[in-house]
Amino acid sequence: MKRSALALLFLAVGCTTSSSTLLGPSKPRPAIAPERVAIYRTAEQVPGKYVEISLITTTQQWAYAFDDHGTYEQMKIEAGQLGANALILGSFTDSGFWATMAALTLGLPTERKGKAIAIYILPAPDDVAGAARRAETP
């Protein structure tokens, strides 16, 4: 009984995994806490110039409902480990209606995949100059 309850809980909650592919000749950056990683829907929303660090791909398996928050959090963790301070969301795809209905009927998990580009937003020139002045002030 306990075993089947645990299996049901695992299927209901699901599992999210991620992987990353480095882009370009980006130099390693110190890790950033996931809560400091911003999320943007489009590149036009990014406030300033940025450097692309990595393409992040997540896969979420589930049985009853997708957890978008969990997917975004997994992406933020992966981005932060690479030193990225923001994500630009890409495409998200799932198994489709009929595949999902069949999986639910048979009690099998289905999956959803998402992509995002991990970026490092460069400080604005005014921010750099102001920080230098503050550092010089006793």
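Every number here is computed from the coordinates shown, using simple stated rules; none is lab data. All values reported here derive from a predicted model rather than from experimental measurement. Quick reminder, even Gly has a Cβ in these numbers, built from the backbone with ideal geometry, and neighbours come from all protein chains shown.
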field: Estimated FRET transfer efficiency when R0 is 22 angstrom, pair residue 52-residue 81 (beta carbons, to 0.05)
entry: 0.85
- prompt: For residue 105 and residue 17, what is the calculated FRET efficiency with R₀ set at 30 Å and r taken between the beta-carbons, to the nearest 0.05?
  reply: 0.75
message: So for each of 71-80, 86-95, 42-51 I average, over its residues, the number of other beta carbons within 10 Å; can you give me the resulting order with the highest mean first?
response: 71-80, 86-95, 42-51
Label zone at residue 124 (point 7 Å along Cα-to-Cβ), backbone N below 12 Å, region 24-57: 47-49
field: Under Karplus coefficients 6.51, -1.76 and 1.60, residue-wise ³J(HN,Hα) of region 78-85 in Hz, glycine/proline x
entry: 4, 4, x, 4, 8, x, 7, 10
